[in-house]
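Structure record follows, encoded as structure tokens.
The values are calculated or read from the model by the stated rules, or taken from the named source; none is laboratory data. Keep in mind that this is a model prediction, so the values were computed, not measured. A quick note on method: Cβ atoms are made from the backbone with ideal geometry, for glycine too, and the neighbour counts reach across all protein chains shown. Just the protein is used for accessible areas: all its heavy atoms, side chains included, with ligands, DNA and RNA removed. Shrake-Rupley method; radii C 1.70, N 1.55, O 1.52, S 1.80 Å.
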Amino acid sequence: QVHLVESGGGLVQPGGSLRLSCAASGSIFGITVMGWYRQAPGKQRELVATITSGGSTMYADSVKGRFTISRDNAKNTVYLQMNSLKPEDTGVYYCNADLRPMGMSRGYDYWGQGTQVTVSS
């Protein structure tokens, strides 16, 4: 069994910062891409940022310059540092990983349970 567990969400004032973490656990052969998505109330889930095992990153235009994605391959963990937060950043943030379990011939898409981020004064 493989699990992704997020942590670090919460309530923050506009202009504040939060750091999200997501750890993958279980029998893991390897993880290629890890990323963060978010879903605001009444909206579709959208990509926030991704990072490859080699460290290449990609960001949504709306978060460029404010958010930083990073990962620790040894710990199978991905982070999202969120600075200069805005009310429109509010939503449930989901961790995603293209992960190959032990004994499997290819990777599969895994999702965390989500963590709430609320930006409000």
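With all protein chains kept in place, the per residue accessible area of the chain amounts to 53 square angstrom at a probe of 1.4 angstrom. Each residue of the range 18-34 was assigned a 3J(HN,Hα) from its phi angle through the Karplus curve 6.51 cos²θ - 1.76 cosθ + 1.60 (θ = phi - 60°); the sequence is 9, 10, 9, 10, 9, 10, 8, 9, x, 8, 10, 7, x, 10, 8, 9, 10 Hz, with glycine and proline shown as x.
Taking only protein heavy atoms and a 1.4 Å probe, the accessible area of the range 1-104 is 50% carbon and sulfur. Relative to the current alpha-carbon distance between residue 75 and residue 120, full extension at 0.36 nm per residue lengthens the span by 13.0 nm. Taking a ≥ b ≥ c as the square roots of the eigenvalues of the Cα gyration tensor, an a/c ratio of 1.5 or more together with a/b larger than b/c marks the chain as prolate. The relative contact order of the chain, computed from alpha carbon pairs under 8 Å that lie at least 6 residues apart in sequence, is 36 percent.
Using heavy atoms of the protein chains and a probe of 1.4 Å, the accessible area assigned to residue 53 is about 60 Å².
A Gaussian network model of the chain, with springs between Cα atoms under 10 Å, assigns the largest mean-square fluctuation among 28, 69, 51 to 28. Rounded to the nearest 0.05, the FRET efficiency derived from the C-beta distance between residue 102 and residue 44 at R0 = 30 Å is 0.35. Listed by chain and number, the lysines whose alpha-carbon sits under 24 Å from that of residue 64, ignoring those within fewer than 8 places in the same chain, are 43, 86. Of 81, 44, 13, which is the most mobile in a GNM of the chain whose springs link Cα atoms less than 10 angstrom apart? Maximum fluctuation in the GNM of the chain, among the listed residues, is at 44.
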